[in-house]
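Read the figures in this text as sums done on the coordinates, not as results from a lab. Just so you know, these numbers come straight off a predicted model, no measurement behind them. Neighbour counts are summed over all protein chains in view; Cβ atoms, including those assigned to glycine, are modelled from backbone coordinates with ideal geometry.
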Amino acid sequence: MEEQNMMQRFDDYVADNKKIEPKDWMPDAYRKTLIRQISQHAHSEIVGMLPEGNWITRAPSLKRKAILLAKVQDEAGHGLYLYSAAETLGVERDELLEELHDGRAKYSSIFNYPTINWADIGAIGWLVDGAAIMNQVPLCKCSYGPYARAMVRVCKEESFHQRQGFQIMLNMAKGTPEQKQMAQDALNRWWWPSLMMFGPTDANSPHSAQSMKWKIKLFSNDELRQRFIDMTVPQAEVLGLTIPDPDLKWNEERGHYDFGEINWDEFYNVIKGNGPCNKQRIETRRKAYDNGAWVREAAVAHAEKRAARRNETAAA
Amino acid sequence: MTQEQKFEYLLRLGDNALILGQRLGEWCGHGPALEEDIALTNISLDLIGQARSILTYAGELEGKGRDEDKLAFFRDAHDFRNVLLVEQPNGHFGDTIARQFLYDHFAWLLFNELMQSSDEQVAAIAAKSIKEVTYHRRHSSEWIIRLGDGTEESHAKIQQSINDLWMYTGELYTPDALDEAAHAAGIAPDLTKLADYWHENVHGVLKQATLDIPEDGWMQKGGKQGIHSEHLGFMLAEMQHIPRAYPDAQW
Ligand SMILES: [Fe+2]
Ligand SMILES: [Fe+2]
């Protein structure tokens, strides 16, 4: 079939809400965009393990330690499904990791902020996993089959994380005065970066229209951000904590919360690499990868030796 | 066996799991591949789970109102009863795997026997944990074989790891008076018998991995009696600092 006919068929298919599968024909730009989006998402999962993994050895009770271990293990699992989904598009995990390590690939900027008190683990679960759910639930219906299916599994676990994070915040907000102070401090530091997780405003998001047409993005950044704020404000009220935005208030007419101006200067700087932990995160990932090279090589060498031995026995 | 002796014996079991689980938790996000990050975290999670059951029971038995967290976070190093092996630093991946392998083979033998313990709670905890311990033993043994029979570099590295840690293995299977009392009471097995099986099983894997078997030379001991290496104090400082800084807080 001619390229143009294929394109027509692809467009119709997507318009009919049918799933594109790895063996189906797809436009190059669609494939490239998907690889970028899925790998960024995968990188976010594994870089995201660092600020939280940070607290495993210091969790304040054995129950919290176990819950955190399970959570971070889930995030590693998400990374694994997503790299596998990206691999169905004809790239290798190692290539994608290389792009992460040399700075060509991005990951969610939120993980460039430090976790400096235990309430940060609560705030991440509550706000960051909460924002991730907002972003990801629609993707369970995206046009690319393997990505949509990976998202279904991921979203189930993210909602656990969100509830567990809220529970940490609740225990601290209702705890001793010091604990409440830590909880408020965490909310102060994580609120605005969480809003930034939805990306630039619609006016400044040039690729969004195409992605929405391809159904690999189903709602606009501003729409999702508003939904997140509307969901989260009442939760902060339950906690008895104050959201650090003096302009935040219910707008009866709109049926939504109005909120203050996001610091876009900070947003673009953190993306550019100037966040408090950008360097540290990438260096940690690169070091883990480099230090593990001899282990991965050994595993390959051993598998080859075994295969060779099996062939010998078969031949004999 | 007195209640105090039994309490102390339980601390040995619980602290081994807690301290090794804590060590493995340090790996999270730093593994050689994503699959290993998941495996090491999973093993850490199993061990913390075992520690929680055992320490909870120990606290009940002691009857002084100490729960799992009081025991984990409010004892100092000299009150910990884990073997020296489990508090040794992670080192590189091979060091961690060697430590795990030497411990897992012991834990597997021990837990199999503890399922027949005269203490029903101990037997129940062992029965609940045996599947996990069996998986841990398979995971570490497979890595010993891969690294030993992998590349020249991995062979040299894992051989060195095994050699370095060997002096901590005697403490696992050499009984002291408390181990003997636990055996006499039917709570725990005869460690001297486990020692033979441990050697047989460990040697078998090392041979398959084309590795040399170290001589049973001078062995370090003391952990079971509360005399630890320098490492434990640092681990506890990190692990305990939040609960100790805010002793009235619930998390
Ligand atoms: Fe995740
Ligand atoms: Fe999550």
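Things worth noting here:
- Per-residue Cβ neighbour rank within 10 angstrom, fewest leading, B:His139, A:His78: B:His139, A:His78
- Cross-link table B:Lys131/B:Lys193; A:Lys23/A:Lys156; A:Lys65/B:Lys70, entries beyond 19 Å C-alpha to C-alpha: B:Lys131/B:Lys193; A:Lys23/A:Lys156
- Normalised by 2.2 N^0.38 Å, where N is the number of residues, the alpha-carbon radius of gyration of the range B:118-244 equals 1.26.
- Across A:Gly275, A:Gly292, A:Gly122, mean-square fluctuation computed from a Gaussian network of chain A (C-alpha pairs under 10 Å connected) peaks at A:Gly292.
- Principal axes of the range A:73-143: Cα extent on each, largest first, Å: 41, 32, 21
- Helix axis angle, B:3-25 relative to chain B longest principal axis, alpha carbon, degrees: 50
- Summed side-chain charge close to B:Ala127 - residues other than B:Ala127 whose Cβ falls under 15 Å, Lys, Arg +1, Asp, Glu -1: -3
- Each residue in B:His203, B:His92, A:His161 was given a count of other beta-carbon atoms within 10 angstrom of its own, and listing them fewest first yields B:His203, B:His92, A:His161.
- The range B:3-245: relative contact order in percent, alpha carbon pairs under 8 Å with at least 6 residues between: 24
- Over chain A, DSSP H runs of length four or greater, each weighted -39,500 (n - 2.57), average out per residue to a 222 nm ellipticity of -21500 deg cm²/dmol.
- Compactness of the protein assembly as shown - radius of gyration and Dmax, Cα, Å: 26.4, 86
- Around the amide H of A:His256, modelled in the peptide plane, lie the amide H atoms of A:Asn251, all under 5 Å away and 5 or more residues distant in sequence or on another chain.
- Relative contact order for chain A, counting Cα pairs under 8 Å that sit 6 or more residues apart, in percent: 18
- Candidate lysines for bridging to A:Lys19, where Cα separation is under 16 Å - those fewer than 8 sequence places away on the same chain excluded: A:Lys141, A:Lys213, A:Lys215, A:Lys217
- Relative to the longest principal axis of the Cα atoms of chain B, helix B:152-165 runs at roughly 30 degrees.
- Residue exposure sequence - A:Ser208, A:Ser143 - by fewest surrounding Cβ within 10 Å: A:Ser208, A:Ser143
- Within a straight-line Cα-Cα reach of under 20 Å, B:Lys207 can be paired with the following lysines, leaving aside sequence neighbours fewer than 8 residues apart in one chain: A:Lys305, B:Lys157.
- J(HN,Hα) series, the range A:254-264, from Karplus relation 6.51 cos²θ - 1.76 cosθ + 1.60, nearest Hz, glycine and proline x: 6, x, 9, 7, 7, 9, x, 6, 6, 7, 5
- Under 18 Å from the Cα of A:Lys32 - aspartates and glutamates, other chains or at least 8 residues apart: A:Glu3, A:Asp11, A:Glu21, A:Asp24, A:Glu87, A:Glu92, A:Asp94, A:Glu95, A:Glu98, A:Glu99
- Loop sites by DSSP among the GluC sites (Glu not before Pro) of chain B, restricted to those with at most 16 other Cβ atoms within 10 angstrom, leave B:1-214 as the longest stretch without any of them.
- Comparing B:Arg52, B:Arg23, B:Arg75 in a Gaussian network model of chain B (Cα springs below 10 Å), the most mobile by mean-square fluctuation is B:Arg75.
- Rounded to whole Å, sorted largest first: equivalent-ellipsoid semi-axes of the range A:116-185, Cα gyration tensor: 31, 9, 7
- When the Gaussian network model of chain A links Cα atoms closer than 10 Å, the mean-square fluctuations of A:Thr176, A:Thr33, A:Thr284 top out at A:Thr176.
- Chain A: DSSP helices with Cα axial extent of at least 24 Å and average Kyte-Doolittle hydropathy no lower than -0.5: A:28-53, A:62-87, A:145-173, A:221-239
- The angle separating the long axis of helix B:93-114 from the principal Cα axis of greatest extent in chain B is about 50 degrees.
- Scanning chain A for trypsin sites (Lys or Arg not before Pro) lying in DSSP loops with no more than 11 further Cβ atoms inside 10 Å, the longest uninterrupted stretch between such sites is A:105-253.
- Look at the alpha carbon pairs under 8 Å that are at least 6 residues apart: their mean separation over the length of the range A:184-291 gives a relative contact order of 24 percent.
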